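Inspection log for the structure reproduced underneath, given as structure tokens.
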Amino acid sequence: MAGDVAGKDLLHLQCHFGMDTLNWARLGARVTGVDFSPVAIARARDLAEKAGLVADFVVADTQRLPDSLAAGFDVVVATYGVLSWIADVDAWMRGAARALRPGGRLVLVDIHPAFQTVLSFEPFVADWPYGGGEAQYVALTGTYADPSVVTAPRQTVQFPYSVGEIVTAAALAGLTVERLAEHTETESDGRHILPRGADGLYRFPFSDTYLPIMYSLRAVAPRTSKAGG
Ligand SMILES: C[S@@+](CC[C@H](N)C(=O)[O-])C[C@H]1O[C@@H](n2cnc3c(N)ncnc32)[C@H](O)[C@@H]1O
């Protein structure tokens, strides 16, 4: 989805400990990763050093990206577990748009809002709003990184956005949406709730068909004037 990144300046938003950021560096991009967790960024820097890869890592809130990142990138990427953590999706999109050079592209791959509504399949429970952006308080005792780990109970706040709200936020930020794809199968289920098919893939069964699990959005900054305002 990010296409050929060789020789490109690539900004990875919400990069966590930088694993994917460094994969894009291996593919030849000049990479910068942003996350608001200083611990995650310290781990990312450590990983880059151990891997012998050149990468910049910045501690910042993706709703308030620093001016130093403005208009510096050919590609802005964010993947898997992005917008549900964001209180202000319009500010997030404006920041992504502002980071792009004219003609640069945003690639956002994230959990589909329809799938996000589902808590469990057996029994089937849907307990999240489909969009609206209202804060949802969720008690967690684990981590998405390892389903076998049980952590001390903690409360998280997350925000549901519909496909329409996400696409509209991109448009309001001055981006042109080239493609919004909805994906009905995936090789892994980060939420650990989907049934796995005989072919090893996970799907979201609905009647005799499937609902989308992930979406991918590709949007482009204007070639002449600056997007993001
Ligand atoms: C589910 S993880 C993303 C995982 C990442 N895509 C990967 O593949 O490793 C969500 C990340 O978003 C970061 N995050 C959440 N809210 C943020 C914000 N407002 N600004 C910057 N980072 C944020 C978290 O610290 C966490 O690293």
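Please treat every number below as a calculation from the coordinates, not as lab data. No experiment lies behind these values; they were computed from the predicted model shown. With ideal geometry, Cβ positions are generated from the backbone for all residues, glycine too; neighbour counts draw on all protein chains shown.
Of the conditions (1) assigned to a strand (DSSP E or B); (2) in contact with a His (Cβ under 9 Å, 6 or more places away or on another chain); (3) not hydroxyl-bearing (Ser, Thr, Tyr), Gly103 fails just one. Which one is it?
Condition (2) is where Gly103 drops out.
Of the residues that make up region 142-161, is at least one within 17 Å of the chain's Cα centre (by Cα), of a type in the set (A, V, I, L, M) and surrounded by fewer than 16 Cβ atoms within 10 Å (Cβ to Cβ)?
Looking for residues that are within 17 Å of the chain's Cα centre (by Cα), of a type in the set (A, V, I, L, M) and surrounded by fewer than 16 Cβ atoms within 10 Å (Cβ to Cβ), one finds at least one in region 142-161, hence yes.
Check Asp88, Asp35, Asp46 and return the single one that is surrounded by 19 or more Cβ atoms within 10 Å (Cβ to Cβ) and either without any contact (Cβ under 8 Å) to a residue 60 or more places away in the chain or more than 11 Å from the ligand (Cβ to nearest atom) (or both).
Asp35
Within region 59-69, identify whether any single residue is basic (Lys, Arg), buried (at least 16 other Cβ atoms within 10 Å of the Cβ) and either touching a residue at least 24 places away in the same chain (Cβ under 8 Å) or in contact with a Pro (Cβ under 6 Å, 6 or more places away or on another chain) (or both), and answer yes or no.
no
Across region 53-82, which residue is nearest to the ligand (Cβ to nearest atom) among those that are under 20 Å from Leu217 (Cα atoms) and in contact with a helix residue (DSSP H, G or I) (Cβ under 6 Å, 6 or more places away or on another chain)?
Applying the filter and picking the extreme gives Thr62.
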